[in-house]
1. Which one of R49, R18, R31 has the biggest mean-square fluctuation once the chain is modelled by GNM with Cα springs under 10 Å?
2. Using a 10 angstrom cutoff on alpha carbons, build the Gaussian network for the chain and name the most mobile of N64, N85, N17.
3. Calculate for the chain the 222 nm mean residue ellipticity that helices alone would give, adding -39,500 (n - 2.57) per DSSP H run of length 4 or more and normalising by residue count, nearest 500 deg cm²/dmol.
4. Consider just the alpha-carbon atoms of the stretch 63-115 and return their Rg together with their Dmax, both in angstrom.
5. Note down the magnitude of the dipole of the chain about its Cα centre, charges +1 on Lys and Arg C-beta and -1 on Asp and Glu C-beta and zero elsewhere, to the nearest 20 debye.
6. For the cross-link pairs K28/K79; K60/K104; K28/K110; K32/K60; K79/K112, which exceed 24 Å when the distance is taken from alpha carbon to alpha carbon?
7. Who wins for biggest fluctuation among A16, A73, A96 in a Gaussian network model of the chain, springs between alpha carbons below 10 Å?
8. Nearest 0.05, what FRET efficiency do L113 and T81 give at R0 = 22 Å with Cβ-Cβ as r?
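Each reported figure results from applying straightforward, stated rules to the coordinates on display, with no laboratory input. Note that the coordinates shown come from a computational prediction; the quantities given were computed from them, not determined experimentally. In this analysis, Cβ positions are derived from the backbone assuming ideal geometry, glycine residues included, and neighbour counts consider all displayed protein chains.
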Amino acid sequence: MFLEDFNNGLNIGEIANRYNCDPNTVSKALRKAGYNTRRGCQNNASKSRIPVAQYTMDGKFLQNFDSYWSAAAWIIENKYTTSTNQNQVHNNISGAARQIGYRKSAYGFKWKLLE
């Protein structure tokens, strides 16, 4: 639940208020999921949003995401990976969408940029 709120642009304090918990609890949960929560660092939700489309391996359209970050969160939440590091998942999806090097797919899906 914290991940979705953080991806939607809420900061740690706002999330803590929403769930009536300590900001440190929110921060620890976000860090465990691979988010950088240090002061002065850019919030993942505010990073440039590059829309991406998800396809089956045989090319059938599945869904659009407004950013690599939201696609990565979806992959983690739906357990298409055992990783909880959203940065790593983001990078793999980005590489597949841009077809950088050998990577043509990620997490059993093809990805295409929507720019």
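1. R18
2. N17
3. Only helices count here, giving -11500 deg cm²/dmol.
4. Rg and Dmax of the stretch 63-115, Cα atoms, are 10.0, 29 Å.
5. My answer is approximately 400 debye.
6. In this structure, K28/K110; K32/K60 lie more than 24 Å apart at Cα.
7. Among A16, A73, A96, the largest GNM mean-square fluctuation belongs to A16.
8. Plugging the Cβ-Cβ distance into 1/(1 + (r/R0)^6) gives 0.55.
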